[in-house]
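**Q** Starting off with a structure, shown below.
Any read-out appearing in this document is the output of simple, stated calculations on the displayed coordinates, not a laboratory observation. Keep in mind the model is a prediction, meaning the values are calculated, not measured. Cβ coordinates were reconstructed from backbone atoms using ideal geometry, including for glycine residues, and neighbour counts include every protein chain displayed.
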Amino acid sequence: MDNRARTLIGWAVTVVLAAVVVVGLVMGDSAPQDRVEALGSRIKCPVCQGESIATSPSDTAQAMMDVVAEKVGLGESDEQIIAYFQASYGTGILLDPPLSGKTLLVWLLPVPALGGGIWMILARRRVSATVGGRP
């Protein structure tokens, strides 16, 4: 077997092993504490501004994390836990608001803003080109 074939086989084995590791990480069961942290990072602290309950040092956030841990321990799904906090605090409790109702504008506004910015840049370049290349 020549060196090129060995190199090719080595790369193929490396790619297959990397794929197995990635699939294992993505599909593997996470520990309950990892799930608690992931859920806590999706819920906004009602005391702090723009901070999740997972990272907030406030007593309220710690109490909310305890509730999340308790609900994870009881076997509730992520959706049930999020729905519990939404029922208590409204959709504003989520760091990533759902794509509906009042939050639709928050999700859709960046698209026309980006389009308008690109249009302004292109219009300015056209004007500069017709005036003799001076900005």
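**Q** Rounded to a whole number of µm²/s, how large is the Stokes-Einstein D of region 31-97 at 37 °C and 0.692 mPa s, given Rh as the Kirkwood radius over C-alpha pairs?
**A** 285
**Q** Applying the Karplus parametrisation 6.51 cos²θ - 1.76 cosθ + 1.60 with θ = phi - 60° to the phi angles of region 75-91, what ³J(HN,Hα) value in whole Hz is obtained for each residue in order, glycine and proline being reported as x?
**A** Calculated HN-Hα couplings, in order: x, 6, 6, 4, 5, 5, 5, 4, 4, 4, 6, 5, 5, 7, 10, x, 5 Hz.
**Q** Another question, then. What is the magnitude of the charge dipole of the chain about its Cα centre, with +1 placed on the Cβ of each Lys and Arg, -1 on the Cβ of each Asp and Glu, and no other charges, expressed in debye to the nearest 20?
**A** 1280
**Q** Amide H of E51 versus every other amide H placed in the peptide plane: which residues, excluding those fewer than 5 positions away on the same chain, fall under 5 Å?
**A** C45
**Q** A follow-up question, please. Can you find, among T55, L108, T91, the residue sitting farthest towards the positive end of the charge dipole of the chain, where Lys and Arg contribute +1 and Asp and Glu -1 at Cβ?
**A** Sorting the options by dipole projection puts first L108.
**Q** Separation between the L17 and C48 pseudo-spin-labels, each 7 Å from Cα along Cα→Cβ, expressed in nm?
**A** 4.0
**Q** Could I ask something else about it? For a test of the definition: using alpha carbon positions, the gyration tensor, and the 1.5 limit on a/c, classify the chain as rounded, prolate or oblate.
**A** Oblate, since a/c reaches 1.5 and b/c is not below a/b.
**Q** Per 0.36 nm of contour for each residue apart, how much would the distance between M120 and A5 grow if the chain were fully extended, relative to their Cα-Cα spacing?
**A** Roughly 36.0 nm would be gained on extension.
**Q** Please label the shape of region 64-135 as rounded, prolate or oblate, based on the square roots a ≥ b ≥ c of the eigenvalues of the alpha-carbon gyration tensor (a/c under 1.5 means rounded; beyond that, a/b larger than b/c means prolate, else oblate).
**A** prolate
**Q** What distance in nm separates the simple spin-label points at S41 and V131, each placed 7 Å from Cα in the Cβ direction?
**A** 4.8
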